[in-house]
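Contents: one structure, followed by commentary.
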Amino acid sequence: MSDSKLVSQFKRLFRPARKRSVLALLLIGALIALGGVLAFDYSMYATSTDEFCVSCHEQRDNSLVMFEQTAHYRNASGNHVSCSACHIPHEFGPKMLRKIQAAREVWAHLTGVIDTPEKYAAHAPAMKAREIARIRANDSQECRNCHDAQSMELSLQSEKARQFHQSVQGDDVTCIDCHAGLAHDPADMPGTEPSAPAVLADHHGTSGQCVTCHVDSSGGPADDNLSHENARCTGCHGDLAVLAAREPDGKVSPHHSHFIGEIACTTCHAGHEQSVNYCEACHSFDFDMPYGGPWTLEPAPLVADEMDRLAQERALSGEPRSVTDVLVIGSGGAGMSAAVAAKEAGARVLLLEKEPVAGGNTKLAAGGMNAAETQAQARLGIEDTVDSMVEDTIKGAYGTNDPALVRILAQNSAGSIDCLEALGADLSDVGRMGGASVDSSHRPAGGAGVGAHVAQVLWDAVVASGIDVRFNSRVVQLIETPSGAVTGVLVHGKYTGYYVIKAQAVILATGGFSRNNALVARYVPKLEGFANTNHPGATGDGLDVAELAGAATVDLDYIQAHPTYSPVGGVLVTEAVRGNGAILVNRKGERFVNEITTRDKAAAAILAQSGGSAYLVFDDSVRRSLSKIESFVHLGIVEQGRTLSELAQTLSVPAAALTRTVTDYNNMVGAGSDTLYQRPDLPRALASAPYYAIEVTPAVHHTMGGVKIDGRTRVVGVAGDAIAGLYAAGEAAGGIHGANRLGANAVSDIITFGRLAGEQAARYARAD
C-alpha cells in the first residue's frame, strides 16, 4: 500500500459520520468503560471496609466485639487487619465470586435472619463452618497474603511455635486448621473444639479469649514467671492456702506445698500443654491430675539443634536485656543465701532459677544443720568444738576432702546459724546424725525438718530484699572476655526465648546432678537405675556451662546414696529418725548394722539384705520426739501395730524374732553399750506402744563432686588460676565432702559457702 493510501485511510477516521467520528466513539467508549471500572472498583472498596461490614448491627454487636479482643485488631506494632483481609479474596475472580455470594448475606440482613443475639448465636456455627471450609479449600490464601511460611524466621519464634511450625511442614495442614480462633471465639466453630479439653486453654476457651489468662490480646506471656497468668488463676480460684482449706483434713494434696503461698499455679497447671503433677517429680502420690498426665523429666542439652544454635547466636549478638552487679544461678539454699548476702553488701542482685519453683534440694532436706560452738549447744550443755567438727568431717570422708575448705565450713558454721536465726529461723533443737561424735545437728523445735523451714526463711528474705527473681530461666552459656573473665550469661527463658544478662560477677549455685542418672552412672556405674531423692532440676547443667568456660572439676566420682529412702512414698526418711532411737531390721526381724554409722556403710548394709531393703522400727517415744515423723504418717508410709507381734504380722516378718531383737536392744540401752554393732549413741529404749515401721532402701542422694573452688569460693580454672568474676557454692562446688558427706553437713555447707560467695562476689563487683 502506498503512503498516500495510508494517509487516506487515517483521514477517514476523522471524517464525520452522521454525527461523530469513529475515533470519538472509541474514546467515549473507553471513557465509559474506565468510569465503569473505577465505579466498580470503588464499589468493591466501599463494600469491603470495616465501616461497611459493621454497619449492620448484628455484625457490630457480635463479630466486632470478639474481633476487638484480638491481636489482629490492636497490637504493639499498630498494624490493623480489616475484615476484608481475611473474608474477601484478593484475586479478581475469587473476589467477584465472593461478592456474588454476599448478595445472599445482604438478603439475610434485610429479612432479619440474624437480627437478634439469639438468632445470631443459633446461626453462628453454620456461618463459621462455611467460612472455615472456604479458607481451608484455598489453602488459607488470605492468611498467606500477609504470612509467608517460607519467609518465617523460626529462630525468632517462641519455642512452642517453632516446634509446631517445624512439625507440620509438608503435612496436609493449613493455617486455618490451627488458627481458626484468631478473630472470633472458636468455641462454636465445628472442627475446632476438642471433644474433651486436653489442656486448660481449650477449657477456658469456652468462656473467654486469650485475655482470660494473658495480659493482652497478643496471647503471649509477659514474663517467664507467668506473673500475670498466675494472678488471673488466683483471682478466680484462690491461692494455695484457700484451695488447701477447702480439702478434707488429712487428705494428701498437691495444694499443701513446701512453699505454701509461693509455688505458682502454672507450676502444675500449664495452659497450652499437658498439665503435670509437679509433686510427683519427687514423690509417689499418684494424684488424678485434671487435663494432665504423669510427670516426666529428661535432662536437656545446652544446644538442642541447629535452629536453637542460630537463636542463641542472634541473642549473643544483640544488646543485653538486663544488667546487674551479681547474678546468682540457682534458688536453693546456697543461691538464696548468696543473693541475700550480696544484696546486704550493697550489690544489685538478680536471681535465676530454671525450675518453676524456688528451694532446690533445700526444701526437701529432712534432717538438720551441723554446726559447732553454737548458742543452742551452750544452752543445752553440749560441749563441741570447731576442731571436733573438722575431725568428724575429714574422718567421715576418709581423708579425701579439702582440709582448708572443711575448716572454713566448721569455723563459720555457728555464724551461719546466727544468720538464719536473725532472719527468723528456729534452730533451737539439737540432735545427732551419722558420723558425728557429739550432738551438732540443729533443727526447729520438736525435731521438725530443717529444709522446708530454712528454705522458707531464705525465700522470705529474698522477697523482702526486693531481689529480681526469674523462674523458668535456664542458663546455657557463660559469657567471657578474651582474657577469660566471666561478664554475664546467656539465658533461655521458657516463654521469652534467649537473651543476655550482663553481670560483674556470676555465682553458680546450680546444685548437683543426682537427677541425671546417665551422668551418675558414667561416674559410678553401680548406681545405674537407682532412684534418687533430689528435686527435678538437679541435672548437672550448671556443671556443663562451667566446664565449657574452662572450670576445673573435683571428686565427680564420689556420689552418695542415702540409706533410708521410702520406695512407697518416694520420700527421703530423715536420718534423724535413727538418730533419735530407731533401729534397722531385715526381713528376718534382726538388726544388722550400727544405725548411725556413715551413710555409705549403712546403705551398703541395707542393699546386702534380702530384697535390698529394710525396716526402720521405732516406738511412740521416738515419734513424739521428732515432729518430722508426722509428715511420714500423713503420707501413709508408716506401718503401725499395737504390739510388736502385731507390727511383725503387718510386715510379714517373724514375730518372735522381732520381739527378741527389740528386747535385746532395750537391754543394751539399759547397759549403755551396744555389744552387737557398737552403736555409740543409745538415746532411748523402744518400749512405748504403739510400734511403727517404715520400709527403706538406698537411693542416690548427693553428688560430692563439682567445680573446684578456692577459699574465697572463686571457681578455679583447669590451669590452676581463679576465673575472674565466677564463684560457686553448694552442691555445684566440690572438695568439701570428699568421698562421703556426713548427715546434716549439706545445709551447713550451702548456707556457709553461699553467704561467703555472695560477699565475695559483691566485693569483686564493687571493685570492678
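The values are calculated or read from the model by the stated rules, or taken from the named source; none is laboratory data. This is a predicted model, so every value here is computed, not measured. Cβ: placed from backbone, ideal geometry, glycine included. Neighbour counts: every protein chain shown.
Taken as a whole, the structure places Arg474 among residues that are under 29 Å from Gly542 (Cα atoms), crowded, with 17+ Cβ neighbours inside 10 Å and of a type in the set (Lys, Arg).
Checking each residue of the range 430-437 against the condition of being over 12 Å from Met369 (Cβ atoms) and within 32 Å of the chain's Cα centre (by Cα) gives no match.
The single residue among Leu508, Leu548 that is over 26 Å from Gly611 (Cα atoms), at pLDDT 95 or above and surrounded by fewer than 23 Cβ atoms within 10 Å (Cβ to Cβ) turns out to be Leu548. The listed residues are Met127, Met96, and the only one of them that is hydrophobic (A, V, I, L, M, F, W, C) and under 21 Å from Cys175 (Cβ atoms) turns out to be Met127. Among the residues of the range 638-666, the ones that are under 24 Å from Tyr565 (Cα atoms) and outside any helix (DSSP H, G or I) come to 7 in all. Filtering the range 134-148 to residues that are exposed (fewer than 13 other Cβ atoms within 10 Å of the Cβ) and modelled with pLDDT under 80 leaves only Asp148. Here Thr393, Thr385 are screened, and the one residue that is of a type in the set (Ser, Thr, Tyr) and surrounded by fewer than 22 Cβ atoms within 10 Å (Cβ to Cβ) is Thr385.
Can you name the residue in the range 667-693 that is of a type in the set (A, V, I, L, M) and not in a loop (DSSP other than H, G, I, E, B) and is also farthest from Val577 (Cα to Cα) among such residues? Applying the filter and picking the extreme gives Ala671. Mind listing whichever residues of the range 435-447 are buried (at least 21 other Cβ atoms within 10 Å of the Cβ) and among the hydrophobic types (A, V, I, L, M, F, W, C)? Of everything in the range 435-447, just one residue is buried (at least 21 other Cβ atoms within 10 Å of the Cβ) and among the hydrophobic types (A, V, I, L, M, F, W, C), namely Ala436. Taking the residues in the range 90-119 that are among the acidic types (Asp, Glu) and in a helix (DSSP H, G or I) as candidates, determine which candidate is surrounded by the fewest Cβ atoms within 10 Å (Cβ to Cβ). Residue satisfying both the conditions and the ranking: Glu118.
Scan the range 32-70 for residues that are assigned to a helix (DSSP H, G or I), at pLDDT 70 or above and among the hydroxyl-bearing types (Ser, Thr, Tyr) and the total you get is 1.
For the range 361-392, what are the residues that are small (Gly, Ala, Ser) and in contact with an Asp or Glu (Cβ under 6 Å, 6 or more places away or on another chain)?
Within the range 361-392, Gly367, Ala372 meet the criteria.
Close contacts from the range 104-130, counting a first residue that is assigned by TED's automatic domain parsing to the domain that holds Cys86 and more than 22 Å from His179 (Cα to Cα) and a second that is acidic (Asp, Glu) and not in a helix (DSSP H, G or I), with Cβ to Cβ under 8 Å and a gap of 6+ residues or different chains, come to His109/Asp115.
Looking only at the range 480-505, count how many residues are assigned to a strand (DSSP E or B), among the β-branched types (Val, Ile, Thr) and closer than 27 Å to Ala281 by Cβ.
The number of residues fulfilling the criteria is 3.
Tell me, yes or no, whether the range 394-404 has at least one residue that is in a loop (DSSP other than H, G, I, E, B) and under 28 Å from the mean Cα position of the chain (by Cα). No, the range 394-404 contains no residue that is in a loop (DSSP other than H, G, I, E, B) and under 28 Å from the mean Cα position of the chain (by Cα).
Can you tell which of Asp249, Asp223, Asp202 is within 28 Å of Gly570 (Cβ to Cβ), at pLDDT 70 or above and of a type in the set (D, E, K, R)?
Asp249
Can you find a residue in the range 236-243 that is free of Cβ contacts under 8 Å to residues at least 40 places away in the same chain and within 21 Å of Val633 (Cα to Cα)? No - not one qualifying residue is present in the range 236-243.
Looking only at the range 593-613, decide whether some residue is touching a strand residue (DSSP E or B) at 6+ places or on another chain (Cβ under 7 Å), part of a loop (DSSP other than H, G, I, E, B), surrounded by 21 or more Cβ atoms within 10 Å (Cβ to Cβ) and at negative phi. Yes; the residues of the range 593-613 include at least one that is touching a strand residue (DSSP E or B) at 6+ places or on another chain (Cβ under 7 Å), part of a loop (DSSP other than H, G, I, E, B), surrounded by 21 or more Cβ atoms within 10 Å (Cβ to Cβ) and at negative phi.
The set of residues in the range 522-559 being in a strand (DSSP E or B) and touching a helix residue (DSSP H, G or I) at 6+ places or on another chain (Cβ under 8 Å) consists of Asn532, Thr553, Ile559.
Criterion applied to Asp426, Asp418, Asp384 was being touching a residue at least 40 places away in the same chain (Cβ under 8 Å) and assigned to a loop (DSSP other than H, G, I, E, B), and the one residue passing it is Asp384.
Just one residue in the set Ala311, Ala300, Ala334 is farther than 23 Å from Phe513 by Cα, outside the structural domain of His203 (by TED's automatic domain parsing) and in contact (Cβ under 8 Å) with a residue 40 or more places away in the chain; that residue is Ala311.
Of the numbered criteria (1) aliphatic (A, V, I, L, M); (2) over 21 Å from Arg587 (Cβ atoms); (3) part of a loop (DSSP other than H, G, I, E, B), the one Val715 fails is (3). Taking residues in the range 705-726 that are closer than 19 Å to Thr510 by Cβ, and partners anywhere that are of a type in the set (S, T, N, Q) and in a strand (DSSP E or B), the pairs with Cβ atoms closer than 6 Å and at least 6 places apart or on different chains are Val707/Thr553. Being closer than 29 Å to Val450 by Cβ and crowded, with 16+ Cβ neighbours inside 10 Å holds for only one residue in Val669, Val653, and it is Val669. The one condition from (1) surrounded by 24 or more Cβ atoms within 10 Å (Cβ to Cβ); (2) at pLDDT below 95 that His634 does not meet is (1). Which residues, taken from the range 570-589, are among the polar types (S, T, N, Q) and touching a Leu at 6+ places or on another chain (Cβ under 7 Å)? Passing the criteria: only Asn580. Determine whether Ala685 is more than 25 Å from Asp429 (Cα to Cα) and surrounded by fewer than 23 Cβ atoms within 10 Å (Cβ to Cβ). When the stated conditions are applied, Ala685 does not pass them. If you check Val406, Val357, Val390 for being assigned by TED's automatic domain parsing to the domain that holds Val489 and among the β-branched types (Val, Ile, Thr), only one passes: Val357.
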